[in-house]
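Comments concern the structure below.
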Amino acid sequence: MTARIFVRERRAVTDRTYSLSRRDYLELSNLGNRPGIIAHRRGREPCAIMRAMHVVLLRLALALYSVGFAHSVLTALHKKQTLFRAALASVSVGFALHVASIVLRALEVRYLPLTQQYEQFSFFGALAALGFLIAYAKYRIAPLSVFAFPLIFLMTFVANLFYDPSASIPDVLRSNWIYIHTPLVFLGYAALFIAFAGAIMYLIQEHALKSKHPVRFHNWLPSLEICDELAYRSLAIGFPLITLGIITGALWAQAVWGSWARDAKVLFSFLTWLVYLLLIFYRLSGWRGRKAAYLSIVGFIGVLITFLGTRYFGGLHTFQ
C-alpha cells in the first residue's frame, strides 16, 4: 500500500515537472517574436541598417562637397584661387562616399536606384563629380572646379532635401530598359555639363584677353585652345550618349505607352538634341570659339530644363 502511494506521488511530481518544462519551452520559443529580441535574425533589419548607412554616407558626401562649394564662392569673391587643394581632396573623398551610398541604396531596393526623385539628383551629382575628376586628371584645369563644385553640391543637397525612404517602384519602371536608357542619359548629361563649363571658361578668358581691365584671376584660367578642346571633347562624348539614351527611351516608351511623341519631356529632349546636333555639325565644319561656346551654353540650359522640369511638365514622365 505504501509502495503504491509512493509511485502515484512520483508520477504526479513527474507530470508537474514535464508541464513546467513545456511551458518554459513555449515561453522561450515566443521570445524570438517579441520586439527587440534577437533583432539580428529578423528579415527586415538588415535593410533598415543599410538604409541608415545609405543616408549617413550621402550626408557625409554633402558635407565634404560643401568644402568644394566654399572654394568656388571664395574664389569668385576674392578673384584668386582659394582652398583648392583642400576642396579637391574633400570632393574626391566625398565622391567615394557618394558612390558607396548609391551602391547601398541599390542593395537595399534590389534595383537601379533611379526611380525616386532624390535618387536622380544624387546620381546626377555623383556623375558630375566623376566628370570633373576625369577632366582634371587629364587637363589639370583647376578653374573648372569653380563651375563644377557648385553643381555637385546643389544636386547632392537637393537629393538630401527630398530624401524618400520608400522602396516602392512604379510598375512602368520595372523593366530592363532602365539599366540601359537612364544611365546613358545621365552620363550624357554629365559630359555635356563639362562642355558647358569649358564654354563658360572660354568666354570669360576671351573677354579678359580683350578687356583693358581683365579680371584678376584670368591668368589662372587655361588658354582659349584648352577651353575649346575641353568643350569639344566633352561634347563628342556627351552627344552620342544622349543620342543612344533617346533611342532606347523611345523603344521603351513604345513598348509601354505606344503613343508618347506628345510627352513634354520627350519634346524638350528632342529640342535639346537638335541644338547639340547643330553644334556638332558646325564643329565638324570648322566652327570654333565664341559661337560654339554660346550654342553649348544654350544646349545645357535645355538639359537642365529637361531634367528639372519633369515634375512641372506633367505627362508620361511623372510616373504617378
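The values are calculated or read from the model by the stated rules, or taken from the named source; none is laboratory data. Everything quoted here is computed from the prediction, not taken from an experiment. Quick reminder, even Gly has a Cβ in these numbers, built from the backbone with ideal geometry, and neighbours come from all protein chains shown.
Rundown of residues vs (1) out of contact with any Cys (no Cβ under 6 Å at 6 or more places or on another chain); (2) over 22 Å from SER234 (Cα atoms); (3) free of Cβ contacts under 8 Å to residues at least 24 places away in the same chain, yes/no style:
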{"position": "LYS80", "(1), (2), (3)": "yes, yes, no"}
{"position": "ARG85", "(1), (2), (3)": "yes, yes, yes"}
{"position": "VAL109", "(1), (2), (3)": "yes, yes, no"}
{"position": "SER122", "(1), (2), (3)": "yes, no, no"}
{"position": "LEU130", "(1), (2), (3)": "yes, no, no"}
{"position": "ARG140", "(1), (2), (3)": "yes, no, yes"}
{"position": "ALA159", "(1), (2), (3)": "yes, yes, no"}
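Residue count for region 70-100, restricted to those that are at pLDDT 95 or above, crowded, with 17+ Cβ neighbours inside 10 Å and of a type in the set (Ser, Thr, Tyr): 1. Scanning region 124-154 for residues that are over 12 Å from the mean Cα position of the chain (by Cα) and of a type in the set (Gly, Ala, Ser) yields a count of 6.
Per-residue answers, yes or no, for (1) part of a helix (DSSP H, G or I); (2) among the small types (Gly, Ala, Ser); (3) farther than 19 Å from ALA52 by Cα; (4) not assigned by TED's automatic domain parsing to the domain that holds VAL56:
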site	(1), (2), (3), (4)
ALA87	yes, yes, yes, no
LEU104	yes, no, no, no
PHE123	yes, no, no, no
ILE141	no, no, yes, no
SER145	yes, yes, yes, no
THR156	yes, no, no, no
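Consider TYR163 against the criteria (1) within 16 Å of VAL56 (Cα to Cα); (2) assigned to a helix (DSSP H, G or I): it satisfies all of them except one. Which criterion is unmet? Among (1) within 16 Å of VAL56 (Cα to Cα); (2) assigned to a helix (DSSP H, G or I), the lone unmet condition for TYR163 is (2).
Among the residues of region 83-102, those that are within 11 Å of the chain's Cα centre (by Cα) and of a type in the set (A, V, I, L, M) comprise VAL99, ILE102. Scanning region 54-65 for residues that are surrounded by fewer than 18 Cβ atoms within 10 Å (Cβ to Cβ) and either outside the structural domain of ILE141 (by TED's automatic domain parsing) or not charged (D, E, K, R) (or both) gives VAL55, VAL56, LEU60, ALA63.
Note on region 106-121: among residues that are part of a helix (DSSP H, G or I) and hydrophobic (A, V, I, L, M, F, W, C), the one that is farthest from HIS71 (Cα to Cα) is VAL109. Taking every residue in region 181-193 that is under 11 Å from GLY238 (Cβ atoms) and pairing it with any residue that is among the β-branched types (Val, Ile, Thr), at least 6 positions away or on another chain, the pairs with Cβ-Cβ distances below 7 Å are LEU184/THR248; VAL185/ILE242; GLY188/ILE242; TYR189/VAL303; ALA191/ILE237; LEU192/VAL303. Does TYR118 fit the bill of being more than 22 Å from ARG59 (Cα to Cα) and within 12 Å of the chain's Cα centre (by Cα)? Considered against the rule, which asks whether it is more than 22 Å from ARG59 (Cα to Cα) and within 12 Å of the chain's Cα centre (by Cα), TYR118 comes out as no.
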